[in-house]
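Notes follow the structure.
What follows draws every value from the coordinates through simple rules; no lab data is involved. Here the structure is a predicted model, which means the values were calculated and not measured. Using ideal geometry, Cβ is built from the backbone for each residue, glycine included, and neighbour counts are taken over all protein chains shown.
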Amino acid sequence: MHADETVPGAPHLLTLPEAATYLRTPVATLRYWRHLGAGPRGFRLGRRVMFRREDLDSWLTDQIAAEAFRR
């Protein structure tokens, strides 16, 4: 199995820059959201901040639903 292949059932982890790219937002914005507690759920793994792709997708779904509710 190559390093870029995912293990079935294992969460797909993204680094802070990868998560920012996935969300199409600057890294600084994602850091600020974490500081405010307003962004997607992330966690520290050693010195690195990591995000599960499932958490990013869930956060995006919540943001879309909140926007629809405001309209």
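For this structure, a couple of remarks:
- Neighbour counting of Cβ atoms within 10 Å sorts the residues F69, F43, fewest neighbours leading, into F69, F43.
- FRET efficiency for the D57 to Y32 pair, using the beta carbon distance and R₀ = 22 Å, is estimated at 0.60.
- Label-point separation, R41 to E18 (7 Å along Cα→Cβ), nm: 1.9 nm
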